[in-house]
1. Kindly state which strands (runs of 3 or more DSSP E) lie completely within segment A:1-99 and contain at least 1 residues that are loosely packed, with under 15 Cβ neighbours inside 10 Å.
2. Give all pairs with beta carbons closer than 8 Å in which a residue from segment A:201-219 that is in contact (Cβ under 8 Å) with a residue 60 or more places away in the chain meets a residue that is assigned to a loop (DSSP other than H, G, I, E, B) and among the hydrophobic types (A, V, I, L, M, F, W, C); count only pairs at least 6 apart in sequence or on separate chains.
3. Restricting to segment B:98-136, give me the number of residues that are under 21 Å from B:L224 (Cβ atoms), among the small types (G, A, S) and either part of a strand (DSSP E or B) or in contact with a Lys or Arg (Cβ under 6 Å, 6 or more places away or on another chain) (or both).
4. Sort out which residues of segment A:157-168 are outside any loop (DSSP other than H, G, I, E, B) and either surrounded by fewer than 24 Cβ atoms within 10 Å (Cβ to Cβ) or more than 13 Å from chain B (Cβ to nearest Cβ) (or both), and write them in order of number.
5. Residues of segment A:40-83 being under 20 Å from B:R309 (Cα atoms) and among the hydroxyl-bearing types (S, T, Y), which ones?
6. Starting from segment A:159-181, take each residue that is at positive phi and list its partners that are assigned to a strand (DSSP E or B), counting only C-beta distances under 9 angstrom and pairs at least six apart or across chains.
7. Anything in segment B:6-20 that is over 15 Å from B:L296 (Cβ atoms) and under 42 Å from the mean Cα position of the chain (by Cα)? List them, or say none.
8. Please determine, by comparing only the residues of segment A:28-67 that are within 15 Å of A:L8 (Cα to Cα) and of a type in the set (F, W, Y), which one is farthest from the other protein chains (Cβ to nearest Cβ).
Amino acid sequence: MKFLIHALNLVKTYGEGESKTVALDNVSMDVGEGEFVAIIGASGSGKSTLMNILGCLDKPTSGKYFFEDKLVSELSADSLAGIRNKKIGFIFQSFNLLARTSALKNVELPLLYGNVTGSDMTKRAVNLLTKVNLSSKLHSKPSQLSGGEQQRVAIARALVNDPSIIFADEPTGNLDSRTSFEIMKLFSQLNSEGRTIVMITHEMDVARFAARIIRIHDGKILEDKKNKPVRAAFEKKKS
Amino acid sequence: MNPVELLSVSIEAIKTNKLRSVLTALGVIIGVASIILLISISAGLQGFISSQFEKLGANSLFIIPGKLEGSFGGPPRTVNKLTFNIVDRLEREKSSAIVDVSAFIEIAVTARFKNESKVTTLDGVKESYFVYSDMKAEKGRVFNEKEDEVARRVAVLGTTLARDLYKADNPIDKTISISNKTFTVIGVLEPQGNIGGVDIDNLVLIPLNSARKLTGTDQVNSILVRTTSTDTIPVAKEHIDKILKRTLSEDDYTLLSQEQLLSSILQILGVLTAALGGIAAISLLVGGIGISNIMLVSVTERTREIGLRKAVGATNKAILSQFLTESVILSLGGGILGVIVGYLGSLILSNFLETTVPVWAVVLGLGFSTLVGVIFGTFPAIRASRLEPIEALRHE
């Protein structure tokens, strides 16, 4: 299996002197292509810090982080922006859609910073919105969409550049359980199509959809084990 | 981001806060509008003055009493020492560069006909005045050399004056009383309008010698020397200066050429325009500060948006250009509106005075407003571009 993510002894500290806090304490982990990993932990456990570093939004205080065999700490801000644009899709708890523009424009957003243009751009965005069952809401503004619909727009946006990996930070945190279940089913579907997904959550119910669960506490990995994903259970039942 | 996308993203952001955007641009609108308006008035005035001077003839020199200080220092305050003696001497000793020497007498008089009277200006002129000023009689005729020589009491009136005194009657061959002396009206001029600040249509023109008799003094108010061409003006000037120096001191007279006079006036006008333009530019500066202020507010308001854009791959440069484009659109948009407002203002003003909006003024206005957008947009844009993506995403 090829490693997409290879992290060695990551340490992240904030502040100086007495107010110094350790968010990540010697974390090492790998994620291979096609994996669906859930990082679970309570708030303050360091899971968000970990995801920010893995997602090339932040740099570790020490330790080595390789993204697709590239040492991230040696890359320039512009190269990191390029990696985030082409290789990474982000999904956030609060969706983070631009309120003043349509679903379609929101999905097109990452393409603006790549080199995709005009009709190609629209075609890709429409395809993805269709994939997440929003073909009838292309021109709706975020305020006209339900929470689940907004998160599906965000998922389409994360997929639009055909990234190597998707990072989801509490993707169901703002959704009711029924909608959460639909979003998780969509994640499972994407994973079965070969997408690599790293998801952060504090809910076991959500984490159970992943094939691998990493438990983190006080900046340390407590447990890293394989999981029999819920989806697999579904499919077994069906057959 | 390609330029088209950049523009559409920026315009969208500006449209989200329409009222705020218009109010922000207002400072620039007012600044540019006042610059355009001021330039249009000044340019109109320059054109007007230049054309007036052309009417007076470019190849001529004026001798006026007293000394004008500096390039243009208000009316002279010394005693008038220009006399007919001097005029005669100039006439006698004129060089080949000089075509004609004519004196002017100008006094304020009360002109009367029956019960109508009017305070106006009387000019005593030589008959040649009508020829080189290109003035023709609309009714009757102008006086001739003979009438000047013998100092006949004949008068040529401006149209306004003729209408005021004689109403619907034909004034020709009627009498006119000037300073209690009776003259005969022999002609009424075609409408002339204002030439060199004098309303010709209100003048009474009589032969120079008649005016000399009327005033009873030997003084003349000014002497006009016409030269063969504009090129011979310096030679003629030197020649005249030499003759005048014999009897007069340097402080007794001033020799003015049209060009000199024109350039002096235009110079003053230029300084005035620059000063007023400077004041207008201050309002443009204030407008720029307004833009800077609102852009800073906008950056704070949109911190999350900036974080998101960075998370999906926007480089610092892309964010910088987005916010810079927004501020330039605000200020350039304000500039375009300002040009329109200024142009309309100058159209309205053109009912009262001469105005022209030169192309360079429009270019200047738009150029300045773009500059203001770039200068005052840079700081907020740099601030936006330097935001850390995770900090920005965490912003509430």
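The values are calculated or read from the model by the stated rules, or taken from the named source; none is laboratory data. Remember, predicted model here, so these are calculated numbers, not experimental data. Positions of Cβ are generated from backbone atoms using ideal geometry, with glycine treated the same way; all protein chains shown enter the neighbour counts.
1. Answer list for segment A:1-99: A:3-14, A:21-32, A:62-67.
2. Pairs that qualify, where the first residue is in contact (Cβ under 8 Å) with a residue 60 or more places away in the chain and the partner is assigned to a loop (DSSP other than H, G, I, E, B) and among the hydrophobic types (A, V, I, L, M, F, W, C), are A:H202/A:A42; A:H217/A:A42.
3. The total comes to 4.
4. Listed by number, the residues that qualify are A:L159, A:I165, A:I166.
5. Within segment A:40-83, A:S48, A:T49, A:S76, A:S79 qualify.
6. A:D162/A:G89; A:E170/A:M199; A:E170/A:I200; A:E170/A:T201
7. Within segment B:6-20, B:L7, B:S10, B:I11, B:I14, B:K15, B:K18, B:L19 meet the criteria.
8. A:F66
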